[in-house]
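For reference, the structure discussed in these notes is given below.
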Amino acid sequence: MPLRPQPSPLAYVPFVSVDNMMRLVNSLGVEAFLTELATYIEADFRRWPEFDKTPRVASHSRDGVIELMPTADAENYGFKYVNGHPKNMRAGYQTVTAFGVLSSVANGYPILLSEMTVLTALRTAATSGLVGRYLAPEGARVMAMIGNGAQCEFQALAFRALCGIDRLRLYDIDPAATEKAARNLAAQGFQITRCGSAQEVVEGAQVITTCTADKQCATVLTDNMVGSGIHINAIGGDCPGKTELHRDILLRSDIFVEYPPQTRVEGEIQQLAPDHPVQELWQVMRAEAPGRRDGRQITLFDSVGFAIEDFSALRFVHDRIQDTEFFEPLDLLADPDDPRDLYGMLIRAGRPSEAAPKP
Ligand SMILES: NC(=O)c1ccc[n+]([C@@H]2O[C@H](COP(=O)([O-])OP(=O)(O)OC[C@H]3O[C@@H](n4cnc5c(N)ncnc54)[C@H](O)[C@@H]3O)[C@@H](O)[C@H]2O)c1
């Protein structure tokens, strides 16, 4: 049997499959992974001006959105492909799926291709927990969670690992989702209260996380439900025409955002005037702007998810898989021996060859 020319070593890109991502996360433990990932995200927020930033490129359709989220520093370029389809779940598909790439800026070659569905849940939660460290009231232990779908458990674990939350109040319009989350989280040692309404779930909570999925301007929280001294971690309002909070809550809150040009279009603040004051989180993390000032303030993290968080996550995974078996080499890049002879490589691959495989 004639041997076909083998790809050169430069052709191979480390690929982290879903299976390997789960092995990597489980090898560290979810909370340890979230804690370490948060240090990468915080480090990147603290060097915010070094990044090439742009709002994500979104392609909207009737049922959902498909987005590309690019960013780069001097060394690496990263992007994520991600969708958001709130109706998916009823058809047996996930609302959010994703994958991403990290590349070398020096030569443009990808250095990592990774699943990012699991990683997005982790990076979203790590960002929320990290922001909670700056904004949640001191000594907060009780979190209300409205929306108990795919993101829910990750958020809970991040708030425990990073902020000390150990009691959860859960509510979802679908009791089966609450049951699933309660089962998963009770097994992780949380004290759980299942609630029958949004009004009930916020009682006694110092942190409120909203992570619902609905392709409309919903009102999962109304103004009368939010007392002073609360931190709201609003995850689910992340597209034009897709919000979770009543506008009056926003007017009573100090609002913290990732990247204003994107959040003003996609976040809760799309309901406000384009010049409504917001605080950028990178400045809070650099101690150039205040986080929580006092125990009575209502703070709101208007989370939409920004490309730098995905970049940090890819950077973290890239560092973490070195010298492990949690990736496969993927023959992704055409790399002819003579860089200008791409055509010759194609033709040689099409005919029987005696060439010995390269090591
Ligand atoms: N900000 C970010 O960085 C970021 C990242 C990932 C996902 N998201 C968003 O987070 C949201 C949740 O994502 P998911 O993957 O968990 O979705 P999911 O579909 O798995 O879960 C959403 C849950 O919300 C519930 N729900 C819908 N309307 C509700 C309401 N009015 N009150 C209570 N519960 C309600 C649904 O029954 C479902 O269980 C989505 O909107 C998604 O786009 C944001």
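Readers should treat all values here as calculations from the given coordinates under stated rules, not as data from a laboratory. All values reported here derive from a predicted model rather than from experimental measurement. Note that we place each Cβ from the backbone using ideal geometry, even for glycine, and neighbour counts take in every protein chain shown.
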Seminar exercise, completed: Residues whose built amide H sits under 5 Å from the amide H of ILE232, excluding neighbours closer than 5 in sequence, are ILE208, THR299, LEU300, PHE301
Exercise. Net charge near GLY344, counting Lys/Arg +1 and Asp/Glu -1 over other residues with Cβ under 10 Å of its Cβ?
Worked result: -1
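For segment 202-359, state the semi-axes of the equivalent ellipsoid (square roots of 5 times the eigenvalues of the alpha-carbon gyration tensor), sorted largest first and rounded to whole angstrom.
50, 18, 15
Would you tally the net charge around GLY267, using a Cβ to Cβ cut-off of less than 9 Å, leaving GLY267 out, and scoring K and R as +1, D and E as -1?
With Lys, Arg at +1 and Asp, Glu at -1, the neighbours total -4.
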Exercise. When all alpha-carbon pairs of the chain are counted, what percent fall beyond 30 Å?
Worked result: 39 percent
Exercise. What ³J(HN,Hα) values, in whole Hz, does the Karplus curve 6.51 cos²θ - 1.76 cosθ + 1.60 give for segment 201-210 when θ = phi - 60°, with x put for Gly and Pro?
Worked result: 5, 7, 4, x, 8, 9, 10, 10, 9, 10
Problem set entry | Bridge type composition, the chain - antiparallel percent by DSSP, nearest 5 | 50 percent
Seminar exercise, completed: Non-local residues with an amide H under 5 Å from the amide H of ARG169, with H modelled 1.01 Å from N and Pro and chain starts lacking one, are MET143, ALA144, MET145, THR193
Exercise. Where Rh denotes the Kirkwood radius from the mean inverse Cα pair distance, what is Rg over Rh for segment 97-136?
Worked result: 1.19
Seminar exercise, completed: Over all Cα pairs of segment 124-306, the Kirkwood radius sets Rh, and Rg/Rh then becomes 0.93
Problem set entry | Helical segments meeting 15 Å axial Cα length and Kyte-Doolittle 0.0 threshold in the chain (DSSP H) | 18-28, 30-46, 117-135, 152-163, 307-321
For this session: Equivalent ellipsoid semi-axes for segment 124-166, as square roots of 5 times the alpha carbon gyration tensor eigenvalues: give them largest first, rounded to whole Å.
Result: 16, 11, 8
For this session: Among DSSP beta bridges lying fully in segment 124-306, give the percent that are antiparallel, nearest 5.
Result: 5 percent
Problem set entry | Rounded Å value of the spacing that divides the Cα centres of segment 227-301 and segment 47-75 | 19 Å
Exercise. Summing Lys, Arg as +1 and Asp, Glu as -1, what charge do residues with Cβ under 11 Å from the Cβ of PHE316 carry, PHE316 excluded?
Worked result: -2
For this session: Can you run the Rg to Rh ratio on segment 59-201? Use alpha carbon positions and the Kirkwood inverse-distance Rh.
Result: 1.04
